[in-house]
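To keep things clear, I will list the structure first and then write my remarks on it.
The values are calculated or read from the model by the stated rules, or taken from the named source; none is laboratory data. This structure is a prediction, so every number in the text was calculated from the model and none was measured. Note that each Cβ is placed from the backbone with ideal geometry, even for glycine, and that neighbours are counted across all protein chains shown. We work out accessible area using only protein heavy atoms, side chains counted, and drop any ligands, DNA or RNA first. Shrake-Rupley method; radii C 1.70, N 1.55, O 1.52, S 1.80 Å.
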Amino acid sequence: MQLRIHKWPEKILKKRCRRVEKVDARIQEMFREMYSLMQVHRGIGLAANQGGLDLCLVVIATEESTFQLANPRVVKKEGRITFTEGCLSFPGLEVDTVRARKVWVQALNEEGEEVEIEAEDVLAVVFQHEIDHVNGIPFFRRAKWRDRIRLYPQLKKIVKETRNELRKSAT
Ligand SMILES: [Zn+2]
């Protein structure tokens, strides 16, 4: 299995991913592949659909903690934070997003156990960014309208570059 980073506007990034029935050896192998793809690209989080997999899986590695989770969902949130985010699927784009400052996330861990994680600040932002991915929501949708309008030319450039790359790889 060779994963590559899928970039906007590839369809799989707009898709609500399939839930995982069970965390088995196949899923654990996908976690490993996703983790190494994320590391190669120096990301701190990656959703399965960014790697081209239609599954509700995310991997996260910040300075303090790492997670490999299936079917993650936010069950509670609190407060508000504005944060400048980047995304491997949107090369070069930086977006000021408005998100919850604290979230509680339920998921299955890499052993298939149900876990609940409490995350604040940067980690909370990363969780919300990755969970949005598996629900087909790109991060610029969390920006203020004014910023979305300002970012539009950059977004258009990314769309053009992705289409060029896809055309090249198809020939
Ligand atoms: Zn992203």
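For the reader, a short list of remarks on this structure follows.
- Normalised by 2.2 N^0.38 Å, with N the number of residues, the alpha-carbon radius of gyration of segment 39-107 equals 1.18.
- Kirkwood Rh (inverse of mean 1/r, distinct Cα pairs), segment 90-171, angstrom: 15.0
- Percent accessible area from carbon and sulfur atoms, segment 11-170, protein chains only, probe 1.4 Å: 47
- Fully extended contour minus Cα-Cα distance, from residue 121 to residue 65, at 0.36 nm per residue: 18.8 nm
- Highest-fluctuation residue, 27, 149, 137 considered, GNM on the chain with Cα pairs under 10 Å: 149
- Over segment 11-170, the alpha carbon radius of gyration divided by the compact-protein estimate 2.2 N^0.38 Å works out to 1.03.
- Those GluC sites (Glu not before Pro) in segment 1-72 that DSSP places in a loop and that have at most 12 other beta carbons within 10 Å: 21, 63, 64
- Max mean-square fluctuation residue, GNM over the chain, Cα-Cα springs under 10 Å, options 150, 19, 141: 150
- The lysine pair tally for the chain, using Cα distances under 16 Å and a gap of 8 or more places or different chains, is 10.
- Surface analysis of the chain yields an accessible area of 57 Å² per residue, using protein heavy atoms and a 1.4 Å probe.
- Spin-label pair residue 147/residue 73, simplified geometry with 7 Å Cα→Cβ offset, distance in nm: 2.7
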